[in-house]
Structures are given as structure tokens and as C-alpha cells.
Amino acid sequence: MSKVPSVAIAMSGEPRRGSRYPAPHDAPCIGRAKYVLGDQFGLDQFGVNLAVIEPGSWSSQRHWHEKEDEFVYVIEGELVLVDDAGEHLLTPGMCAGFKAGNGNGHCLQNRTGKRAVYLEVGSRIEGERAHYSDIDMMALPDGGKYKFVRKDGSPV
């Protein structure tokens, strides 16, 4: 077993920028950067990311997961949580959670002129599938990553 660190600086290294969505679905997320923290420690039961959302950008397309729980905690700035119940302003110290399989499509949007920063934690379940509420797209497992298809399974 290789040695992994037990301490790291959260915003060191190069973040994962934008999204892996196919065009044009990637456009709202162009100003998103994620520091993939859990991987630095070899965590494989849950993922932890520190996300930075620039003004006018989104965390993701509105989505929900079949098997994975999600939790977000706002550290800096303001975000609007858009879900099936409407819009909810989140400010530093506020959090939101999404139970797997509940069908509540959600995303975070930065509608301000300043960056927003939040911590996201999610389970890592093999065979996970994500559904996108407002667009004809699903994410299916594909060799440890995701491939994006239409809801009928055809290519996007």
C-alpha cells in the first residue's frame, strides 16, 4: 500500500475547470473550478471537492443521482440553489443535502458579481446514474468515468 498524505492545502494544484458535459450543455459551467480533495488522500468511499463558481456560472446542469447522496456547504459568496421546489438563496454557513434517488433535480448558480466557494461531499457508488431534469441527457458509468447520453440511451 502506497503512502498518501494526511494533510494538504485545499486550493493547491490545478483544479478541474468547466464541466465534462458535451456542448452546448457545458456552457453554463464554464466558470466552475473544482479542487478534487478526496483523491489527494486516496478516499474511495466518498468524494470531496472544493468548488469555486465565478459570477454568472453554475455548478452543474440541474440533476439528481439514483444511488449517491450529495451535501454542499457554502464557504464564501452567495449561491442560488435551484431545485424542484424553486429557488433558495444560500450564504456562507448554509448547507443543502440531496438524498439519492429522490428525483429532486438541483444545481447552484452564482448570480452575483463575486466568486462563490463551497464544499461538496458525495458518496461514490459503483454503477451510479445521473439524470438531468431540464435537458435530454443522462450520465451513465463508463470505465470509472461517465458518458453522457440522451434519456433514451442514444448518443448526445
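Name the residues in the stretch 23-37 that are farther than 17 Å from A116 by Cα and hydrophobic (A, V, I, L, M, F, W, C), would you? Working first, answer last.
Let us first name the residues in the stretch 23-37 that are farther than 17 Å from A116 by Cα, namely 23-27, 37.
Answer for the stretch 23-37, where residues must be farther than 17 Å from A116 by Cα and hydrophobic (A, V, I, L, M, F, W, C): A23, A27, L37.
For residues that are surrounded by fewer than 17 Cβ atoms within 10 Å (Cβ to Cβ) and assigned to a loop (DSSP other than H, G, I, E, B), tally how many sit in the stretch 117-134.
The qualifying residues number 6.
Can you tell me which residue among Y21, Y35 is of a type in the set (F, W, Y) and assigned to a loop (DSSP other than H, G, I, E, B)? Break it down into steps so the answer makes sense when it comes.
Numbers: Y35 fails: assigned to a loop (DSSP other than H, G, I, E, B).
Answer to the selection: Y21.
Looking only at the stretch 65-116, count every residue that is within 20 Å of C29 (Cα to Cα), surrounded by 14 or more Cβ atoms within 10 Å (Cβ to Cβ), without any contact (Cβ under 8 Å) to a residue 60 or more places away in the chain and among the small types (G, A, S) and tell me the total.
Final tally of qualifying residues: 3.
For the subset of the stretch 115-147 comprising residues that are at pLDDT 95 or above and of a type in the set (F, W, Y), which member is farthest from the chain's Cα centre (by Cα)?
Y132
Determine which single condition G143 fails, assuming it passes every other condition in (1) more than 22 Å from K67 (Cβ to Cβ); (2) surrounded by fewer than 17 Cβ atoms within 10 Å (Cβ to Cβ).
Failing condition for G143: (1).
Give me the residue from the stretch 135-156 that is among the basic types (K, R) and outside any loop (DSSP other than H, G, I, E, B) and, out of that set, nearest to P15 (Cα to Cα).
Residues of the stretch 135-156 that are among the basic types (K, R), as a first pass: 145, 147, 150-151.
So of that shortlist, the ones also outside any loop (DSSP other than H, G, I, E, B) come out as 145, 147.
Values: K145: 17, K147: 21 Å.
For the stretch 135-156, the residue satisfying everything is K145.
Return yes or no: is A51 part of a loop (DSSP other than H, G, I, E, B) and of a type in the set (A, V, I, L, M)? Before the answer, list the steps.
On the way: part of a loop (DSSP other than H, G, I, E, B): no; of a type in the set (A, V, I, L, M): yes.
So A51 does not fit the description; no.
The values are calculated or read from the model by the stated rules, or taken from the named source; none is laboratory data. These numbers come from a predicted model, not from an experiment. A quick note on method: Cβ atoms are made from the backbone with ideal geometry, for glycine too, and the neighbour counts reach across all protein chains shown.
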